[in-house]
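The values are calculated or read from the model by the stated rules, or taken from the named source; none is laboratory data. From a predicted model like this one, the values you see are computed outputs, not experimental measurements. All Cβ positions, even for glycine, are placed from backbone atoms using ideal geometry, and neighbour counts span all protein chains on display. Accessible surface is based on the protein model in full, side chains and every heavy atom, while ligands, DNA and RNA are left aside. Shrake-Rupley method; radii C 1.70, N 1.55, O 1.52, S 1.80 Å.
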Amino acid sequence: MAGRLILLILHDMMKHLAASTAQPAFEAPPIPAWAVFAWPTVLWQAPRTQGCRFLHLGTRVTTLGQPVCSGQTLWGDSDAEPAAGIAWDWIELTQGVVAMADPMAVITNVRLVGPGGDVLTAAEAAPHLNEMVHALPWQREVQRAIQQLGLH
């Protein structure tokens, strides 16, 4: 319950910042993407693509390139207890086209457990984590962050 409350508070803070400041709310999330490593570990049975309810917590544009940008995006599952987070670096390949910078480098506090009860290695978990990422509307959020900074 506490994890869900924290994520909902962060989500509301992002909305409030967007409504009350002239600066874009997506420029910097309230918590950096790498901080997900410090969140309590969450164990999920693999594959876990159904039933995830990740909320967009923030997108940061870290490189203001012309014509391309790069950055990080952070998402949290409000139904997980404790809260589950997932983040990754992205890069703009060309105007309007963004991709994960490194599909093997998803940052998360989620540890996936295989059928035998063992925690999956990073290489074993990567396809499952990439399925979770693929199911999210993250490209839209990244494009919104880029547009709000007036880059395109």
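Before moving on, here are some points about what is shown:
- Tally, over the stretch 136-145, of residues that are open to solvent by 80 Å² or more (accessible area, probe 1.4 Å) and part of a loop (DSSP other than H, G, I, E, B): 0
- Taken together, R111, R140 contain a single residue that is without any contact (Cβ under 8 Å) to a residue 24 or more places away in the chain and of a type in the set (K, R), which is R140.
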